[in-house]
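Colleague: Just dropping this structure here.
The values are calculated or read from the model by the stated rules, or taken from the named source; none is laboratory data. The structure displayed is predicted, hence computed values, not measured ones. Ideal geometry is used to build each Cβ from the backbone, glycine not excepted, and the neighbour counts take in all protein chains shown.
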Amino acid sequence: MAEATNRKRKLMEFIKEIGVDDAGVARVEDYHSPRSPAISSLFPTARSIIVLAYKELSNSESPNMQIAMSGRLDLMEFVRSCNYRVARYLEREFGAKAMTVAPSYPLEMSRHTQGAVGDLSLRHAAVAAGLGVFGRHNLVIHPRFGSRVVFTAILCDLELPGDQVLTEELCDQCHVCVDNCPGNALAEEGKTDVLKCIKVSQPYGLASQIRFWSRFAESHPEEQQRMVKDDEFWKLYQAGFIGFQYFCFRCMQSCPIGK
Ligand code: B12
């Protein structure tokens, strides 16, 4: 036990040194996400989930969606490198086996999951690691950063002491997130209407690609020429190479907690 506590202290020091804003540990048996795959199907000998929390930049407040998304992309590059560095540290310092969990994608893309279920639910992992609690917007609210926080995780086969789950209520049920959601995706408590959210937050995502290419396939060559010179195609093209381009951050950004 003393050895595990010591390891965790060293690990947390390393995590802080590389610039991660906060971190917590959940024991695998304390992670409960009913809709997600079992951790044993990802990494059979995993014992601990190290969850890293990063405060979002102020970019998400910009009404300009290029600026908003660019801040997220900067953060995604940083979080991916932190994930890698923490996993390497665990393997190098403690001889552990470690696997990183992506901040968003790749995701299983199938009719069954509709590309909306991560292999590990980072929100449920963050809650289990004592980093926050679910709010009315179905995001996890961090006690210091409020709703403007994203997570990544590293699974490892080391036994580490888990953190205490937070019991305090951080969401004050002001409903600002619900009222500000342009897609009305948060009307039902405890559920984000995925299609309504995506329609506004990813207007140039997969569904729009399918619609565009179906129309393209059925069009005459002159119409096809016009279609590829249209703004719509250019926007689809950009969103396609970014991966997921978000055009809405309203639920995170309108939340008054931690502002
Ligand atoms: C797929 C996905 C989406 C999909 C589907 C969302 C969904 N329904 O889960 C879409 C595209 C809609 C989406 C939207 C957004 N996403 Co998203 N998304 C993911 C991803 C990749 C997987 C989520 C997943 O596995 N869901 C399936 C299962 C786990 O969800 P579920 O069991 O059905 O749980 C849902 C409800 O039941 C409810 N719920 C479950 N338990 C409980 C308990 C309580 C008490 C309450 C109140 C609610 C609640 O919350 C969930 C939301 O519907 C995660 C990254 C990851 N690997 O976790 C990021 C993630 C959840 N997204 C994130 C963000 C920031 C967003 C957006 C703000 C978009 C943006 N601009 O960044 C919006 C927010 C939408 C919202 N308010 O819910 C962050 C959340 C950070 C945080 N502070 O909580 C994550 C964790 C990414 C990250 N690396 O940090 N996302």
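Colleague: List every residue pair whose Cβ atoms sit under 6 Å apart, with the two residues 6 or more apart in sequence or on different chains, where the first one lies in region 178-190 and is farther than 13 Å from Met252 by Cα and the second, anywhere, is within 8 Å of the ligand (Cβ to nearest atom) and not in a loop (DSSP other than H, G, I, E, B).
Modeller: Gly183/Cys197; Ala185/Cys197
Colleague: When you check Arg7 against the structure, is it touching a helix residue (DSSP H, G or I) at 6+ places or on another chain (Cβ under 7 Å) and among the charged types (D, E, K, R), yes or no? Step through it out loud before you land on a result.
Modeller: Details: touching a helix residue (DSSP H, G or I) at 6+ places or on another chain (Cβ under 7 Å): yes; among the charged types (D, E, K, R): yes.
Answer is yes for this residue.
Colleague: Among the residues of region 114-132, which ones are surrounded by fewer than 22 Cβ atoms within 10 Å (Cβ to Cβ) and either acidic (Asp, Glu) or more than 8 Å from the ligand (Cβ to nearest atom) (or both)?
Modeller: Gln114, Asp119, Gly130
Results for (1) touching a helix residue (DSSP H, G or I) at 6+ places or on another chain (Cβ under 6 Å); (2) within 12 Å of the ligand (Cβ to nearest atom); (3) more than 22 Å from Gln114 (Cα to Cα), shown as yes or no for each residue.
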residue: Arg148; (1), (2), (3): yes, yes, yes
residue: Thr167; (1), (2), (3): no, no, yes
residue: His175; (1), (2), (3): no, no, yes
residue: Ala185; (1), (2), (3): yes, yes, no
residue: Tyr204; (1), (2), (3): yes, no, no
residue: Ala207; (1), (2), (3): no, yes, no
residue: Ile210; (1), (2), (3): no, no, no
residue: Met227; (1), (2), (3): yes, no, yes
residue: Ile242; (1), (2), (3): no, no, no
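Colleague: Only one residue in Gly183, Gly190, Gly243, Gly205 is under 25 Å from Arg35 (Cβ atoms), in contact with an Asp or Glu (Cβ under 8 Å, 6 or more places away or on another chain) and not polar (S, T, N, Q). Which one?
Modeller: Working: Gly190 fails: in contact with an Asp or Glu (Cβ under 8 Å, 6 or more places away or on another chain); Gly243 fails: in contact with an Asp or Glu (Cβ under 8 Å, 6 or more places away or on another chain); Gly205 fails: in contact with an Asp or Glu (Cβ under 8 Å, 6 or more places away or on another chain).
Result of the check over Gly183, Gly190, Gly243, Gly205: Gly183.
Colleague: Got a sec? Which of Lys191, Lys196 is over 30 Å from Val25 (Cα atoms), of a type in the set (Lys, Arg) and near the ligand (Cβ under 10 Å from one of its atoms)?
Modeller: Details: Lys191 fails: over 30 Å from Val25 (Cα atoms).
Going through Lys191, Lys196 in turn, the sole match is Lys196.
Colleague: List every residue pair whose Cβ atoms lie under 6 Å apart, where the two residues are 6 or more positions apart in sequence or sit on different chains, the first residue falls within region 148-167 and is free of Cβ contacts under 8 Å to residues at least 12 places away in the same chain, and the second residue, located anywhere, is small (Gly, Ala, Ser) and surrounded by 18 or more Cβ atoms within 10 Å (Cβ to Cβ).
Modeller: none
Colleague: Here's another thing I want to ask about it. Taking the stated definitions as given, is Met99 of a type outside the set (Val, Ile, Thr), assigned by TED's automatic domain parsing to the domain that holds Thr113 and in a strand (DSSP E or B)?
Modeller: Working: of a type outside the set (Val, Ile, Thr): yes; assigned by TED's automatic domain parsing to the domain that holds Thr113: yes; in a strand (DSSP E or B): yes.
When the stated conditions are applied, Met99 passes them.
Colleague: Could you tell me whether Asn83 is surrounded by 17 or more Cβ atoms within 10 Å (Cβ to Cβ) and either in contact with a helix residue (DSSP H, G or I) (Cβ under 7 Å, 6 or more places away or on another chain) or in a loop (DSSP other than H, G, I, E, B) (or both)?
Modeller: Numbers: surrounded by 17 or more Cβ atoms within 10 Å (Cβ to Cβ): yes; either in contact with a helix residue (DSSP H, G or I) (Cβ under 7 Å, 6 or more places away or on another chain) or in a loop (DSSP other than H, G, I, E, B) (or both): no.
Judged against the criteria, Asn83 is not a match.
Colleague: Still on this model: With the structure loaded, tell me whether Gln209 is under 22 Å from Tyr246 (Cα atoms), surrounded by fewer than 17 Cβ atoms within 10 Å (Cβ to Cβ) and assigned by TED's automatic domain parsing to the domain that holds Trp234 or whether it fails that test. Let's see the steps before the verdict.
Modeller: Working: under 22 Å from Tyr246 (Cα atoms): yes; surrounded by fewer than 17 Cβ atoms within 10 Å (Cβ to Cβ): yes; assigned by TED's automatic domain parsing to the domain that holds Trp234: yes.
For Gln209, the condition - under 22 Å from Tyr246 (Cα atoms), surrounded by fewer than 17 Cβ atoms within 10 Å (Cβ to Cβ) and assigned by TED's automatic domain parsing to the domain that holds Trp234 - is met.
Colleague: Restricting the search to region 217-259, which residues are in a loop (DSSP other than H, G, I, E, B) and over 16 Å from Asn64 (Cα atoms)? Walk me through how you get there before you give the answer.
Modeller: Here is the first cut: in region 217-259, the residues in a loop (DSSP other than H, G, I, E, B) are 218-220, 229-230, 243-249, 255-259.
Correct list: Glu218, Ser219, His220, Lys229, Asp230, Gly243, Phe244, Cys255, Pro256, Ile257, Gly258, Lys259.
Colleague: Only residues in region 95-110 that are within 20 Å of Leu75 (Cα to Cα) count as the first member; pair them with residues that are modelled with pLDDT under 90 and not small (Gly, Ala, Ser), Cβ under 9 angstrom, at least 6 apart or cross-chain, and list the lot.
Modeller: From region 95-110, the pairs are Ser104/Phe244; Tyr105/Phe244; Leu107/Thr113.
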